[in-house]
Amino acid sequence: MKRSVRTTVIAGNWKMNKTPKEAKALVKAIKAELEGKDVSKCEIVACVPYVDLATVIKEAKGSPVKVGAENVHWAESGAFTGEISAAMLKEIGVEYVIIGHSERRQYFGETDQTVNARVKAALSAGLKVILCVGELLAEREEGVTAEVVSRQVKIDLLGVTKEQMANVIIAYEPVWAIGTGKTATSDQADEVCGLIREVLGKLYTKKLAEATTIQYGGSMNAKNAEELLSKVNVDGGLIGGASLKAPDFATIIAAANK
Ligand code: PGA
């Protein structure tokens, strides 16, 4: 039902894993897993380290796997040693970029303001954005999940037009569920993805909210994917650990195609 109005997107987030050689082998393995299977009901993305991008783009060519980066700088160019611009990514054939991942917020000083600047830069350059939001464990325990996630969505999307929203996917990733093996229950995931949809409805239009892909992320794996993806507000997954294992990633893709 939800597929009639929005695209299911299964995206791998490789984080700081895989050298170019290893990346090539992993894409080959994913392609082999997908060979001959009907995966037309979802979009598949691999978000990989900067140095792996060229190799992965080449290896994924002609396959259903699209390629994304894991971050992007907000400036067009300039004195930002060590950073990568949206135009640089675009020129080498990158389609997607993850922005605002909780690891960037936690370890690299990312704020909603810098996330917002990156989102706008990426969209202006023609990249598709996977915008990550989600509450900390303490925030969930304090009962402020809705407030936290709403604030993130509102600030991170400041100045993003209705037209640009066609290129935005939101990934709801409760921080306490990332890399911990602790998955949100499918009801918890559905509830917060639904809340994000309500916020989008107020910021933009109900129709736009209904058409926006909202993923769940946080210990999604081959075993729990089908249950999570069965929920009406969960339109895919952003997958860390399990995306590094081709058979597991393929099982999640298969679950999205049921
Ligand atoms: P995980 O990571 O699947 O390993 O929990 C998800 C993410 O950080 O995007």
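LYS154 sits among other residues whose Cβ lies under 14 Å from its own Cβ, and their net charge, with Lys and Arg +1 and Asp and Glu -1, is -1. Pick from GLU35, GLU43, GLU59: which is most flexible by mean-square fluctuation in a GNM of the chain where alpha carbon atoms under 10 Å apart are linked? For the chain, modelled as a Gaussian network with Cα springs under 10 Å, the answer is GLU35.
Here the accessible area of the stretch 37-93 is 56 percent carbon and sulfur, with a 1.4 angstrom probe and all protein chains present.
Compute the Cα gyration tensor for the chain, then decide on rounded, prolate or oblate, letting a ≥ b ≥ c be the square roots of its eigenvalues: rounded whenever a/c is under 1.5, prolate when a/b is larger than b/c in the other cases, and oblate in all that remain. Display every interim value, and only then the final one.
On the way: a/c = 1.41, a/b = 1.08, b/c = 1.31.
Cα axes put the chain in the rounded bin.
For the stretch 188-230, the convex hull spanned by the alpha carbon atoms encloses 68 Å³ per residue. With all protein chains in place and ligands, DNA and RNA left out, the 1.4 Å accessible area ranks ASP38, ASP190 as ASP38, ASP190, largest first. Residue order by solvent-accessible surface for TRP14, TRP176 is TRP176, TRP14, largest first, with ligands and nucleic acids left out and a 1.4 Å probe.
At a threshold of 8 angstrom on Cα-Cα distance, excluding pairs fewer than six apart, so keeping six or more, what relative contact order does the chain reach in percent?
Numbers: 503 pairs, mean separation 57.5, N = 258.
Result for the chain is 22 percent.
Our coupling estimate for the stretch 53-67, obtained by passing each phi through the Karplus curve with A = 6.51, B = -1.76, C = 1.60 and θ = phi - 60°, is 4, 4, 4, 5, 4, 5, 5, 8, 3, x, 9, x, 7, 9, 10 Hz, Gly and Pro reported as x.
Can you compute the charge dipole magnitude of the chain about its Cα centre, using +1 on each Lys and Arg Cβ and -1 on each Asp and Glu Cβ, nothing else charged? Give it in debye, rounded to the nearest 20. Display every interim value, and only then the final one.
Working: 33 positive and 32 negative charges, 144 e Å.
The dipole of the chain has a size of about 700 debye.
Does the stretch 1-145 come out rounded, prolate or oblate by the C-alpha gyration tensor, with a ≥ b ≥ c the root eigenvalues, rounded set by a/c under 1.5 and, if not, prolate when a/b is larger than b/c and oblate if not? Oblate is the answer for the stretch 1-145, as a/c is 1.5 or above yet b/c matches or exceeds a/b. Annotation: amide H of LYS128 within the under-5 Å range of TYR96, VAL97, sequence separation 5 or more or interchain, hydrogens built in the peptide plane.
Roughly speaking, to the nearest percent, how much of the stretch 137-258's 1.4 Å accessible area is carbon and sulfur? If you can, show how the numbers build up before the last one.
Working: 2780 of 5220 Å².
Carbon and sulfur: 53 percent of the exposed surface of the stretch 137-258.
A straight chain from ALA166 to GLU91 at 0.36 nm per residue would run longer than the Cα-Cα distance by 24.9 nm. For a label point 7 Å from the Cα of SER230 along Cα→C-beta, name the residues of the stretch 167-203 whose backbone N is under 12 Å from it. Answer for the stretch 167-203: 186-187.
Can you tell me the accessible area per residue over the chain, all protein chains present, probe 1.4 angstrom, in square angstrom? Please list the in-between numbers first.
Numbers: 11820 Å² over 258 residues.
Accessible surface, normalised per residue, equals 46 Å².
The stretch 1-67 to the stretch 191-230: how many Å between their Cα centroids? The distance from the Cα centre of the stretch 1-67 to that of the stretch 191-230 comes to 21 Å.
The values are calculated or read from the model by the stated rules, or taken from the named source; none is laboratory data. What you see is a predicted model, and the numbers here were worked out from it, not measured in a lab. FYI the Cβ positions are ideal-geometry reconstructions off the backbone, even for glycines, and counts take in every protein chain you see. Just so you know, the surface numbers come from the protein's heavy atoms only, side chains and all, with ligands and any DNA or RNA stripped out. Shrake-Rupley method; radii C 1.70, N 1.55, O 1.52, S 1.80 Å.
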